[in-house]
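Have a look at the structure below before the remarks.
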Amino acid sequence: GFNRQHHITPLLASLHWFPVRFRIEFKILLITFKALLGLAPSYMTEMLTPYESVHSLRSSGGTLVAVPRSRLKSKGDRAFAIRALLLWNDLPEEIMLADSVSSFKSLLKTHFYRLAFM
């Protein structure tokens with residue numbers, strides 16, 4: 001058993017519960033993935049613009065999205081329209097290229113588990 005003096009991280013890992021930060025990022029990225037597939041409301045889909053590089057890169061799979069500049073660094077970068085795109089562009093390409101919502105969720109949970117607990 002666990003008591004108040006034990007560190008919470010091993011308990012979270014054994015239960016496969018993510019720290020709050022990862023839970024929030026999971027929800028944001030899931031909404032972003034659904035928007036890219038056209039499964040989210042149109043106002044969310046309209047926030048996403050595919051990134052067009054001036055240079056032709058072999059590694060570019062067309063999965064990145066353009067991130068608009070925010071005027072307010074402290075609050076502007078926390079807005080969904082900015083934060084979602086920054087998080088999306090930081091994902092490994094394997095996760096971005098998931099072929100379904102269920103596979104995306106599974107890959108993202110595995111990725112976050114490794115980040116949080118390994």
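See the values below:
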{"item": "Table column - 3J(HN,Hα) (Hz), the stretch 106-118, Karplus curve with 6.51, -1.76, 1.60, x for Gly and Pro", "result": "5, 5, 5, 4, 4, 4, 5, 4, 4, 5, 7, 10, 10"}
{"item": "Surface accessible to a 1.4 Å probe, Glu94 within the full protein complex, Å²", "result": "130 Å²"}
{"item": "Nonlocal amide H pairs with Leu97, under 5 Å, H built at 1.01 Å", "result": "none"}
{"item": "Per-residue HN-Hα couplings for the stretch 11-17 [Karplus 6.51, -1.76, 1.60; θ = phi - 60°; Hz; x = Gly/Pro]", "result": "5, 4, 5, 5, 8, 6, 9"}
{"item": "Vicinal HN-Hα couplings computed from phi for the stretch 31-42 (Karplus, 6.51 cos²θ - 1.76 cosθ + 1.60; Hz; Gly/Pro x)", "result": "4, 5, 4, 4, 5, 5, 8, x, 9, 10, x, 4"}
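The values are calculated or read from the model by the stated rules, or taken from the named source; none is laboratory data. Since we're looking at a predicted model, the values are computed, not measured. What goes into the accessible areas is simple: the full protein's heavy atoms, side chains included, and nothing from ligands, DNA or RNA. Shrake-Rupley method; radii C 1.70, N 1.55, O 1.52, S 1.80 Å.
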